[in-house]
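Written out below as C-alpha cells is the structure these notes cover.
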C-alpha cells in the first residue's frame, strides 16, 4: 500500500528534491495559478469543483483571488507552466520537475516549483534576482515536504528557452537537468473520468487490505485525493497532492490525517493512475516483497 525567441538564462528555480527520511509533515501545498500564455487545451475534459485544499489542512490562495503581476522583468515567452522529467548524469530518473513562472520585477517571487519522485514530493518558490543576458532566480525555503524532511532546497538553477519552444532546466553544477514543455495549469486540470471514489481490494498485494480513494477536481500542487486504508492491523487516512496530469494522474505520497496505529500509517509511495476500461483505474507498482524487476498492477473500481 503502504511523482531562438530570446536567449536568456534563468537561474535558481527552487528546491530540487533530496530524499532524506520517511516522516510526514503538515506543510502547506501551493495553488497552481492559471497562466494561459502557452497552456494547451484540455484533451480529456474536466469535472467536479475547484479544490483549495493543502497538504497541511489550510487553504492556499485561490487563483481567482490572488493578484498576479501584470508587468515585470520576466520575458513573456517564459511565462506559464512547464514540466518534464529530471535526468541525472544523463540518465532518466522518473522524477517530475514542474516550474510555473509568473510576471514580476527583480526581487519578487516569480516561480513556483514542485518535484515529484516515487517516494517524495516537494514544493518551493523562487525570487528573481537579476535580469541581464541571464535571468537569475534563487529559491527560498521548502514549503511542502512529504515525507517530512525529505526535501532540501538547492541553490541556483538555469532555464533557457529553446527554438523548439521547450525550456532547458539544469542545476548550476550540471548534475541534474530536464527538458520542460508547456503543461496544463488552472483549477480544473483533471480529466473527468478520474474524478470520483475508487476502491482497491487486496490492495497492493496485501490480503484483506482495502484502499478507498476519492479524487476531486483541483489545481496541480493542491490536495485532490483523500484516502482510507483498512486491514485487520490498521486504519489509516491521508491526503494526496496532485503532481501531474501529463501521463496519467500522478499524486504524491500520502500525508497522514488520522488513523491507528500511526506507525503503520506511513506515506507509502506516489501513485500514477491510468484508465483501464469502463469505471476502472490501474496503478503499476513494484512488489516490495519481490526482489525481481517484475511490475505488478493494482486495479481500482469506481464506487460512485
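The values are calculated or read from the model by the stated rules, or taken from the named source; none is laboratory data. Computed from a predicted structure; not experimentally measured. Positions of Cβ are backbone-derived with ideal geometry, glycine not excepted, and every protein chain shown enters the neighbour counts.
Of all the listed residues (115, 171), the sole one being surrounded by fewer than 21 Cβ atoms within 10 Å (Cβ to Cβ) and either closer than 27 Å to residue 76 by Cα or outside the structural domain of residue 249 (by TED's automatic domain parsing) (or both) is 171.
All conditions in (1) modelled with pLDDT under 85; (2) more than 24 Å from residue 268 (Cα to Cα); (3) crowded, with 21+ Cβ neighbours inside 10 Å hold for residue 54, with the sole exception of (2).
It is to be established whether one or more residues within the stretch 132-154 are outside the structural domain of residue 268 (by TED's automatic domain parsing), more than 19 Å from residue 255 (Cβ to Cβ), out of contact with any strand residue (DSSP E or B) (no Cβ under 7 Å at 6 or more places or on another chain) and in a strand (DSSP E or B). No, because not a single residue in the stretch 132-154 is outside the structural domain of residue 268 (by TED's automatic domain parsing), more than 19 Å from residue 255 (Cβ to Cβ), out of contact with any strand residue (DSSP E or B) (no Cβ under 7 Å at 6 or more places or on another chain) and in a strand (DSSP E or B).
Condition check ((1) on the phi < 0 side of the Ramachandran plot; (2) touching a helix residue (DSSP H, G or I) at 6+ places or on another chain (Cβ under 7 Å); (3) buried (at least 17 other Cβ atoms within 10 Å of the Cβ)) across all residues:
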{"position": "227", "(1), (2), (3)": "yes, no, yes"}
{"position": "245", "(1), (2), (3)": "yes, no, yes"}
{"position": "252", "(1), (2), (3)": "yes, no, yes"}
{"position": "255", "(1), (2), (3)": "yes, no, yes"}
{"position": "259", "(1), (2), (3)": "no, no, no"}
{"position": "268", "(1), (2), (3)": "no, no, yes"}
{"position": "275", "(1), (2), (3)": "yes, yes, no"}
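Selection over the stretch 284-299 of residues that are at pLDDT 95 or above and in contact with a helix residue (DSSP H, G or I) (Cβ under 8 Å, 6 or more places away or on another chain) gives a count of 1. Of the residues 250, 228, the single one that is farther than 20 Å from residue 201 by Cα and in a strand (DSSP E or B) is 250.
So, residue 165, is that one part of a loop (DSSP other than H, G, I, E, B), under 21 Å from the mean Cα position of the chain (by Cα) and closer than 30 Å to residue 127 by Cβ or not?
no
So which residues in the stretch 196-221 are in a loop (DSSP other than H, G, I, E, B) and surrounded by 22 or more Cβ atoms within 10 Å (Cβ to Cβ)?
Residues satisfying the conditions are 218, 219, 220, 221.
Taken over the stretch 76-104, the residue count meeting the criterion of being outside any strand (DSSP E or B) and within 20 Å of residue 161 (Cβ to Cβ) is 7.
For residue 107, the test of being in a strand (DSSP E or B) and on the phi > 0 side of the Ramachandran plot is failed.
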